[in-house]
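The values are calculated or read from the model by the stated rules, or taken from the named source; none is laboratory data. The structure displayed is predicted, hence computed values, not measured ones. Please note that ligands, DNA and RNA were not included when accessible areas were found on the heavy atoms of the full protein model with its side chains. Shrake-Rupley method; radii C 1.70, N 1.55, O 1.52, S 1.80 Å.
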Amino acid sequence: CRQHQIYGESGMRKTELLIPAGSLDVLKTAVVYGADAVYIGAPKFGARAAAVNSLEDIEALVKHAHLYNARIYVTVNTILKEEELQETEEMIHALFRIGVDALIVQDMGITQLNLPPIPLHASTQMTVTGPEGMKFLAEQGATRVVAARELSLQELSRMHEACPIEIEAFVHGALCYSYSGQCLMSSLLGGRSGNRGRCA
């Protein structure tokens with residue numbers, strides 16, 4: 001799971017508990033046990049190529065989550081190829097129409113597409129490790145940054161002081177020994193790129 005600090009209508013700071021879910025059953029369990037939000041893979045272009053959901057599946061997830069005031073974020077967090085941009089734009093419009101609450105993205109080329117008004121969260125795949133990167137992404141339209149997993153609480157605090165958009169942080173660590181977003185080892189040793197969702 002991941003968490004970030006948000007401010008509610010009362011001005012009180014609240015921690016959002018966000019977990020991954022690959023199916024409606026997992027989402028239902030997450031919501032019952034108090035998840036504020038769930039993130040899932042898009043039909044294509046997610047950092048876990050095998051964890052994909054159809055638009056119909058995502059629509060069912062959104063409807064169920066919204067019944068419990070939980071949010072659905074969808075990952076479109078791989079590096080995109082030029083010939084994939086039109087398909088990506090069409091998919092994002094479809095995700096917006098079915099009520100997805102935000103996209104988690106890696107390739108900021110997405111911001112040059114004709115996008116609907118959907119919030120963009122900068123993925124941990126972007127290796128954001130300091131206030132400069134956070135400021136840049138805020139200027140590009142990101143409403144939240146998923147910080148690199150390796151940062152300390154003090155580093156996260158300094159980032160937030162410099163640029164007070166939302167920060168999301170992993171609280172469970174990771175199995176990968178590469179630095180967040182620098183997914184090169186799988187490609188070098190196995191010919192499968194983590195930045196294309198195919199980490200070995």
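Tabulated data for the structure shown
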quantity: Accessible area per residue in Å² at 1.4 Å probe, computed on region 6-157; calculated: 49 Å²
quantity: Set of lysines with alpha-carbon distance to Lys135 below 30 Å, sequence-local pairs under 8 removed; calculated: Lys14, Lys44, Lys81
